[in-house]
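Enquirer: Pasting a structure here, questions to come.
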Protein chains: 2
Amino acid sequence: MSIDVGARLRSVRTTFGMSQRELARRAGVTNGLISLIEQNRVSPSVSSLKKVLDGVPMSLAEFFTLDLSATPQAFFSADDLVELGNPEVSLRLVAAQRPGRQLTLLHERYAAGAATGEEMLAHRGEEAGVVIRGRIELTVGGAARVLGPGEAYYFASQLPHRFRNVGREACEIISACTPPTF
Amino acid sequence: MSIDVGARLRSVRTTFGMSQRELARRAGVTNGLISLIEQNRVSPSVSSLKKVLDGVPMSLAEFFTLDLSATPQAFFSADDLVELGNPEVSLRLVAAQRPGRQLTLLHERYAAGAATGEEMLAHRGEEAGVVIRGRIELTVGGAARVLGPGEAYYFASQLPHRFRNVGREACEIISACTPPTF
DNA sequence: TCATGGTGTTTAGTATTTTAGACAAGAAGG
DNA sequence: CCTTCTTGTCTAAAATACTAAACACCATGA
């Protein structure tokens, strides 16, 4: 068996958030069988596998067509975020590798005194964010304001804008853009 | 098992023109197993089915994705032809149910004295045929001729035309039209 | 008519899957 | 510390898949 039925089934089951016993109950088989299949200790009969997948539910065709490597990841630990910035302005992207992503979600961190640059930024779309630590000066168009923890922003990205940490400590922001710019 | 693994396998095997023994040899299983699977007397393990399909070769994903109903039929027994005419003028269509068919092939049979009707026919496309038994009078535009076995015709279907059996015995014709009118 | 070689099917026995239930480990709450 | 619930794993017994070999049938040809 070059095809890893066990890994496929475990992937499917956990993606749907079921325990072996719950899936077994829905499928009308024993939990032990799910365990054995997932460990590749047995090669299930087609009828058993069909019963199991009916509990998800999922067709045999879907099951064998599944691309395990492309299973969309829903949860990300801090280490999974991809760093796009620099030591002064850290931009950590959520779900960077997700294909067809419609959103850019960033965990931003500005060192004391850091800024997005001398020039104003401008691009398509809209963006918004919430300050979670420190204080940041945000300039949008002709207006500027200093935001602290709990405060937020939302503006059309084509307006020239700029972020600058005017405090003594690092400033952290969670921001979102759409359509994705990274 | 609502999914008919046996029929699928038999369909695949015969499409590839293999006997049970030949497929078994290539797959490294016994011919008896192929037989049992095709009769749905057993539900094979995934590993067995994989071995069998490797002998074709075909992937499990392809196997379960196969649309049996859409398997294009290449051969038709006389009973498979669909009757479109009437007792006087029998029109038996080849591959009637084939989706996306580009051709109408008919086995026509005119009883003695029968005709396609009083009015002349006219439609898009072209048609052609060969007389295989009896004698038929074919009128195309202003011309008419009686054709016997081995003789043939070919004309643009928008020309008004009419078939009439002028002999004492039934007349049979094999005819083709494109684009399909039925 | 008898052999030969092809087909698919069947059967008895063996190997494997599947079940029922016990087991161990971790988490939550008293 | 227990008790209780969950989780996944493991094992003996029952059920089922699989093999090897025989069988029945249909051709073709001597």
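The values are calculated or read from the model by the stated rules, or taken from the named source; none is laboratory data. Because the structure is a prediction, the values reported are computed rather than measured. Backbone-built Cβ (ideal geometry, glycine too); neighbour counts: all protein chains shown. Please note that ligands, DNA and RNA were not included when accessible areas were found on the heavy atoms of the full protein model with its side chains. Shrake-Rupley method; radii C 1.70, N 1.55, O 1.52, S 1.80 Å.
Enquirer: Would you be so kind as to list the residues of segment B:25-71 that have their accessible area lowered by at least 50 Å² in the full protein complex compared with their chain by itself (1.4 Å probe)?
Expert: Buried by 50 Å² or more upon assembly, which counts only protein chains, are B:Val46, B:Lys50, B:Phe64.
Enquirer: Short version: ³J(HN,Hα) in whole Hz for each residue of segment A:43-56, in order, from phi by Karplus 6.51 cos²θ - 1.76 cosθ + 1.60 (θ = phi - 60°), x for Gly and Pro, what are they?
Expert: Per residue, the Karplus-derived 3J(HN,Hα) values read 9, x, 5, 4, 5, 5, 4, 4, 4, 4, 5, 4, x, 6 Hz.
Enquirer: Let me ask something else about it. For the protein assembly as shown, with the dipole built from +1 on Lys and Arg beta-carbon atoms and -1 on Asp and Glu ones, taken about the Cα centre, which of A:Tyr153, A:Pro44, A:Ala122 lies farthest toward the positive end?
Expert: Of A:Tyr153, A:Pro44, A:Ala122, it is A:Pro44.
Enquirer: Provide an ascending nm list, one decimal, of label-point separations from A:Ser47 to the equivalent residue in each further copy; define each label point as 7 Å from Cα along Cα→Cβ.
Expert: 2.0
Enquirer: What is the extension gain from B:Asp54 to B:Glu118, computed as 0.36 nm multiplied by their sequence separation minus the C-alpha to C-alpha distance, in nm to one decimal?
Expert: Once the chain is fully extended between B:Asp54 and B:Glu118, it gains 17.0 nm.
Enquirer: Would chain A count as rounded, prolate or oblate if I go by the C-alpha gyration tensor, calling it rounded below 1.5 in a/c and otherwise prolate when a/b exceeds b/c, oblate otherwise? Present the calculation step by step, with values, prior to reporting the outcome.
Expert: Working: a/c = 3.58, a/b = 3.12, b/c = 1.15.
Note, shape of chain A comes out prolate.
Enquirer: In whole Hz, with x marking every Gly and Pro, tabulate ³J(HN,Hα) for segment B:159-173 from phi via Karplus 6.51 cos²θ - 1.76 cosθ + 1.60, θ = phi - 60°.
Expert: Values per residue, Gly and Pro as x: 5, x, 9, 7, 10, 8, 7, 9, x, 8, 10, 5, 10, 10, 9 Hz.
Enquirer: To the nearest 20 Debye, how big is the dipole of the protein assembly as shown about its Cα centre, given +1 on the beta carbon of each Lys and Arg and -1 on that of each Asp and Glu?
Expert: With Lys and Arg at +1 and Asp and Glu at -1, about 1040 debye.
Enquirer: Considering all alpha-carbon pairs of segment B:78-178, what whole percent are spaced by more than 20 angstrom?
Expert: Numbers: 1696 of 5050 pairs.
Across segment B:78-178, Cα pairs with separations above 20 Å total 34 percent.
Enquirer: For segment A:78-178, with every protein chain kept in place, what is the accessible area per residue (1.4 Å probe, Å²)? Each step should come with its number before you reach the end.
Expert: Details: 5530 Å² over 101 residues.
Here the residues of segment A:78-178 average 55 Å² of exposed surface.
Enquirer: Further, regarding this structure: With a 1.4 Å probe and every protein chain left in place, work out the accessible area per residue of segment B:5-70 in Å², rounded to a whole number.
Expert: 48
Enquirer: Let me ask something additional. For segment B:84-90, just list the computed ³J(HN,Hα) in residue order, Karplus coefficients 6.51, -1.76 and 1.60, θ = phi - 60°, integers in Hz, with x standing in for Gly and Pro.
Expert: Result, rounded to whole Hz: 10, x, 9, x, 6, 10, 8.
Enquirer: What percentage of all Cα-Cα pairs in the protein assembly as shown are separated by more than 27 Å?
Expert: Taking all Cα-Cα pairs of the protein assembly as shown, the fraction more than 27 Å apart is 69 percent.
Enquirer: Okay, moving on. Hey, can you grab everything whose amide H is under 5 Å from the amide H of A:Ser45? Only 5+ residues off in sequence or another chain; H modelled, so Pro and N-termini drop out.
Expert: Answer set, sorted by chain and number: B:Val46.
Enquirer: Enter the buried accessible area of the B/A pair, total of both sides, probe 1.4 Å, in Å² rounded to the nearest 100.
Expert: 1200
Enquirer: Roughly how many percent of the accessible protein surface of chain A is carbon and sulfur, given a 1.4 Å probe and a whole-percent answer?
Expert: That share works out to 53 percent.
Enquirer: Can you give me the long-range amide H partners of B:Arg133? Hydrogens built in the peptide plane at 1.01 Å from N, cutoff under 5 Å, separation of 5 or more residues or another chain.
Expert: Amide H neighbours of B:Arg133: B:Glu172.
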